[in-house]
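Colleague: Mind looking over this structure? Questions follow.
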There are 2 protein chains.
Amino acid sequence: QGTRDHPPAHVRLRDLLLATVVACFKRHGASAIDTPVMELREMLIGKYGEGTKLIYELQDQGGELLALRYDLTVPFARYLAMNKITNMKRYHIAKVYRRDNPATSRGRYREFYQCDFDIAGQFDPMIPDAECVRIVHEVLSDLQLGDFLIKVNHRQILNGVLAICGVPESKFLTMCSSVDKLDKMPWEEVRNEMVGEKGLSPEAANSIGKYVQLHGGLDLVGQLLQDPKLSQNKLAKEGLEDMKLLFEYLTLFGIMGKISFDLSLARGLDYYTGVIFEAVLVQQENNRMEEVFSVGSVAGGGRYDELVGMFDPKGRKVPCVGVSIGIERIFSILEQRVKASGEKIRTTETQVLVATPHKHLVAARLKLISELWDAGIKAEMLYKKDPKLLKQLQYCEDTGIPLAAIVGEQELADRVVKLRDVARREEVS
Amino acid sequence: QGTRDHPPAHVRLRDLLLATVVACFKRHGASAIDTPVMELREMLIGKYGEGTKLIYELQDQGGELLALRYDLTVPFARYLAMNKITNMKRYHIAKVYRRDNPATSRGRYREFYQCDFDIAGQFDPMIPDAECVRIVHEVLSDLQLGDFLIKVNHRQILNGVLAICGVPESKFLTMCSSVDKLDKMPWEEVRNEMVGEKGLSPEAANSIGKYVQLHGGLDLVGQLLQDPKLSQNKLAKEGLEDMKLLFEYLTLFGIMGKISFDLSLARGLDYYTGVIFEAVLVQQENNRMEEVFSVGSVAGGGRYDELVGMFDPKGRKVPCVGVSIGIERIFSILEQRVKASGEKIRTTETQVLVATPHKHLVAARLKLISELWDAGIKAEMLYKKDPKLLKQLQYCEDTGIPLAAIVGEQELADRVVKLRDVARREEVS
């Protein structure tokens, strides 16, 4: 349940997709690591908030208690701590596992790929953060998915807003998760949840509402730095200064056109500590930019400065920032697009079929195909001793093989091969 | 236990290795499929003989009872049956899981890659079988691992030998597993196991011994076809006819030089029904070919005509033959070779580092690197606002980046960039 087999056309499309992502990660100087699909169970517990209950556990068959990885970030943090690495730029593309309710039509599965790029190390503020946002921009542009928007926010600003609105710190995480729903429901409903379900005072909710519905660009940063209450909050002030610098760098990167400073962005995971971001696809509709809701976010990430320290026996911290490309959702979009276009994807790369026009020539075919393989040419033949020529040419048409190399008695005598262009039905000796 | 993290140098080497294998599989016209890492537990039980106890089970957290895949062959057979596919040439490269005693120095892990190529379908005898053996030959040649030998045998010949030596059919599998040990221990010990532990009569063991110690080429096939007892056995006779045809085809493929018809080859898995083969590395030692025992076999496979039928509700059979490349063992060999050579493998592909010679130039670096990324050039910069030039050049040397693009005040004023060849210490504007 919630998993699927991938037939050749899937794998082919996915490989093309992943190649684009990997090319981008390599363009930014990352090296690849790989970690086991199973982790010690104790390593995963307590890192994912509500997600913890979705972890797949392995049966206790003696030995260590294991679980399947839930994401690639925690294994990366564990890898850094175990190997005492304080400085690394890596990517990791692999499957992760969640016992979630599958929504396969929206591309949500229990086994799915994650494509992560992370920068670990103590550096000057916002330079690696800006590169991660730039990577989201590059990947989505390279994949030609259509228009997109990258929402950016900062955990410290969000916490600052909650603090000045009178939310007790113990309620920060649960309020964040309410705020995070603003991309799916109107403010009125989110407000009802805060007040009705979570017992927040209507006044506090109202003042939160005034902030989290704001979005803009560098101007909004300036406006909030002038905000008498927010600018008094130390956390928020630091966050806003970070945003100012980040937007300066993103301007130099030439990508501010697709950036939105969005105070409602919260991101679910507990481990984020600074800048957070999320990319969504948008459509022009009645002269307005409309989010394409059917797929949700197609990339996201942020800064997590505390996670590595949780795996180090002495608690040594390694600040990190990273980005994850939502390859499964992107795959769903591309798959639908291919389906709609009626385009047929070739699933093999065979260049030539070795064929014979009459019987008793299997030896000639085996010798010729052997020479082609030796020369590095992608070649096939039918696994029949005496196949009909028509069947062989039909196979070429069915599987998209462009050429047939034909040897008959005459060709053997003349020591030539007839090369046939299957689509044009032209032959040369 | 028994798993490992792969640092960048590993992944790099493994990617090169896998690229060679994939290139070969594609050269033979295979398409790729992918299946989930977990299968229904009931699908795996009873397919692996003694291996069944090594299957990793997932905990029962509600829903289906799952287990991690043990190999890629059973999932392939399940895929064919589920989708009613009767004809397919596919490859699959993925990790499999076995709760085995790890022997990490010999490249045996609990999580390891398998690289499988299989041909499913009802075809004329030995044409697909010969192609699988040819693939082993191509992959091992392409990887330049040194000399190798491909041992070939046939399950029906082995069964025929056991039958004419008076072994009851119920003891075929256990006797096969004794015979299989002949590559690791002398005949005397294998004989002791048969007689002492497994209760075979000394006479039966002696006559088995006469057969299973034979190895040769096409001549041996002829000799056995003349053998008065063996040629009377229907199974053995069919097997020998298969071998005759196979060797004819392998001769046309030009690879008989590395083939050995070896009657001791049995292969552990229960599902093989016809031709079986296994490749080992050999060294010239005192004018004799000696197997390199430290790594064991580096590829193997065979025909399994009954497996798909076990997954089909109506028992419909799809004959299959396939090959598995022992990528982990090959990786161990290459890794040792790289270590011995002292060669340093670059783990990134960065072409140029964007650098500045003095302070307050982070904006210039961000603008330049942005242009390089836009142009598809692999570029990095240090994540410091004002790094020292020496540190930046040192980073190039440490990570093998060949070029540095340097912008200082003068270059900005002149609207040029200084390009430095790091190794030669030469600069051009």
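Colleague: Taking a ≥ b ≥ c as the square roots of the eigenvalues of the Cα gyration tensor of segment B:1-156, is the shape rounded (a/c under 1.5), prolate (a/b larger than b/c) or oblate?
Modeller: Working: a/c = 1.69, a/b = 1.15, b/c = 1.47.
Cα axes put segment B:1-156 in the oblate bin.
Colleague: If you take the beta carbon distance between residue A:195 and residue A:241 as r and set R0 to 41 Å, what does 1/(1 + (r/R0)^6) give as a FRET efficiency, to the nearest 0.05?
Modeller: Efficiency computed from Cβ-Cβ geometry: 0.80.
Colleague: Assign one of three labels to segment A:352-428, namely rounded, prolate or oblate, based on the Cα gyration tensor with a ≥ b ≥ c the square roots of its eigenvalues; rounded applies when a/c is under 1.5, prolate when it is not and a/b is larger than b/c, and oblate otherwise.
Modeller: Here segment A:352-428 falls in the rounded category.
Colleague: Another question, then. About the Cα centre, and with charges only on the beta carbon of Lys, Arg (+1) and Asp, Glu (-1), how big is the dipole of the protein assembly as shown? Nearest 20 debye, please.
Modeller: Rounded to the nearest 20 debye, it is 80 debye.
Colleague: Further, regarding this structure: Under a Cβ-only charge scheme (Lys and Arg +1, Asp and Glu -1), can you give me the dipole magnitude of chain A about the Cα centre, in debye to the nearest 20?
Modeller: Numbers: 57 positive and 59 negative charges, 180 e Å.
Charge dipole of chain A: 860 debye, to the nearest 20.
Colleague: Under a straight-distance cross-link criterion of Cα-Cα below 18 Å, which lysines are reachable from residue B:95, leaving out those fewer than 8 residues away in the same chain?
Modeller: A:95
Colleague: Another question, if that's okay. Could you work out [θ]222 nm for the protein assembly as shown from helices alone, using -39500 (n - 2.57) per DSSP H run of at least four and dividing by all its residues? Round to the nearest 500 deg cm²/dmol.
Modeller: -11000 deg cm²/dmol
Colleague: Can you give me the accessible area per residue for segment B:352-428, using a 1.4 Å probe, in Å²?
Modeller: It amounts to 55 Å² per residue over segment B:352-428.
Colleague: Which residue in chain B puts its Cβ closest to the axis that rotates chain B onto chain A, and at what distance in whole Å?
Modeller: B:59, 2
Colleague: Give the carbon-plus-sulfur fraction of the accessible surface of segment A:352-428 in %, rounded to a whole number; probe 1.4 Å, heavy atoms of protein chains only.
Modeller: 53
Colleague: Let me ask something else about it. How far is residue B:344 from the same spot in each other copy, in nm, shortest first, if each label point sits 7 Å from Cα toward Cβ?
Modeller: Those label-point separations list as 5.2 nm.
Colleague: Let me ask something additional. Distances in nm, one decimal, shortest first, from residue A:121 to the same residue in every other copy, taking the label point 7 angstrom along Cα→Cβ.
Modeller: Those label-point separations list as 5.2 nm.
Colleague: Rank by packing, highest mean first: peptides A:73-86, A:209-222, with packing defined as the count of other Cβ atoms within 10 Å averaged across residues.
Modeller: Numbers: A:73-86: 19.8, A:209-222: 16.4.
Highest-to-lowest ranking by the protection proxy: A:73-86, A:209-222.
Colleague: Shape of chain B from its Cα gyration tensor (a ≥ b ≥ c, root eigenvalues): rounded if a/c is under 1.5, otherwise prolate when a/b > b/c, or oblate?
Modeller: prolate
Colleague: To continue, here is another question. Quick one: of B:184/B:234; A:367/B:26; A:391/B:234; A:367/B:229; A:339/B:317, which pairs are farther than 26 Å apart, Cα to Cα?
Modeller: Those over the limit are B:184/B:234; A:391/B:234; A:367/B:229; A:339/B:317.
Colleague: I've got another one for you. Just to confirm the numbers: residue A:385, label point 7 angstrom along the Cα-Cβ line, distances to the other copies in nm, shortest first?
Modeller: Its label point is 8.2 nm from the equivalent points in the other copies.
Colleague: To continue, here is another question. Using alpha carbons only, how many angstrom separate the centre of segment B:37-102 from the centre of segment B:251-267?
Modeller: When both Cα centres are located, 30 Å separates them.
Colleague: For the pairing of chain A with chain B, what total accessible surface becomes buried, with a 1.4 angstrom probe, in square angstrom to the nearest 100? Don't skip to the end; give the middle numbers.
Modeller: Numbers: alone 21920 and 21990 Å², together 37240 Å².
It comes to approximately 6700 Å² buried between A and B.
Colleague: With a cut-off of 8 Å between alpha carbons and a minimum separation of six or more residues, what is the relative contact order of segment A:352-428 in percent?
Modeller: Here the relative contact order equals 34 percent.
Colleague: So what's segment A:301-429 giving for Rg/Rh, alpha carbon basis, Kirkwood Rh from the mean inverse pair distance?
Modeller: With Rh from the inverse mean 1/r over Cα pairs, Rg/Rh is 1.38.
Colleague: For segment A:8-341, which whole-number percentage of the solvent-accessible area (1.4 Å probe, protein heavy atoms only) is attributable to carbon and sulfur atoms?
Modeller: With neighbouring chains kept in place, the figure for segment A:8-341 is 50 percent.
Colleague: I would also like to ask the following. Quick one: Kirkwood hydrodynamic radius for the protein assembly as shown, alpha-carbon pairs, angstrom, one decimal? Spell out each step's value before the answer.
Modeller: On the way: mean 1/r = 0.0327 Å⁻¹.
Result for the protein assembly as shown stands at 30.6 Å.
Colleague: Moving on. How far is it, in nm, from the label point at residue B:147 to the one at residue B:45 when both lie 7 Å from their Cα along the line to the Cβ?
Modeller: Result for the modelled spin labels: 4.9 nm.
Colleague: Taking only C-alpha pairs under 8 Å that are 6+ residues apart, what is the relative contact order of chain A in percent?
Modeller: On the way: 715 pairs, mean separation 68.6, N = 429.
Relative contact order, chain A: 16 percent.
Colleague: What residues does segment B:1-24 have that are buried by at least 30 Å² of accessible area in the full protein assembly compared to the chain on its own, 1.4 angstrom probe?
Modeller: Residues passing the criterion (a loss of at least 30 Å², heavy atoms only) are B:1, B:3, B:5, B:6, B:8, B:11.
Colleague: Lys and Arg at +1, Asp and Glu at -1: add these up for the other residues within a Cβ distance under 10 Å of residue A:377 and post the number.
Modeller: Values: positive: A:378, B:27; negative: A:371, A:374.
In short, 0.
Colleague: Here are some pairs, A:210/A:244; A:359/A:388; A:378/A:418; A:151/A:181; which of them have Cα atoms lying more than 19 Å apart in this structure?
Modeller: Values: A:210/A:244 21 Å; A:359/A:388 8 Å; A:378/A:418 17 Å; A:151/A:181 14 Å.
Over 19 Å Cα-Cα: A:210/A:244.
Colleague: Further question: Lys and Arg at +1, Asp and Glu at -1: add these up for the other residues within a Cβ distance under 15 Å of residue B:63 and post the number.
Modeller: On the way: positive: A:53, A:98, A:99, A:110, B:41; negative: A:57, A:100, A:111, B:39, B:42, B:57, B:60, B:64.
Residues near residue B:63 contribute -3 overall.
Colleague: I would also like to ask the following. Which distance in nm do the two modelled labels at residue B:399 and residue B:386 give, with both placed 7 Å along the Cα-to-Cβ direction?
Modeller: Simple spin-label model gives 2.3 nm for this pair.
The values are calculated or read from the model by the stated rules, or taken from the named source; none is laboratory data. Predicted, not measured: the structure shown is a model, and the values here were computed from it. For neighbour counting, all protein chains shown are included, and Cβ atoms are generated from backbone atoms with ideal geometry for every residue, glycine included. Please note that ligands, DNA and RNA were not included when accessible areas were found on the heavy atoms of the full protein model with its side chains. Shrake-Rupley method; radii C 1.70, N 1.55, O 1.52, S 1.80 Å.
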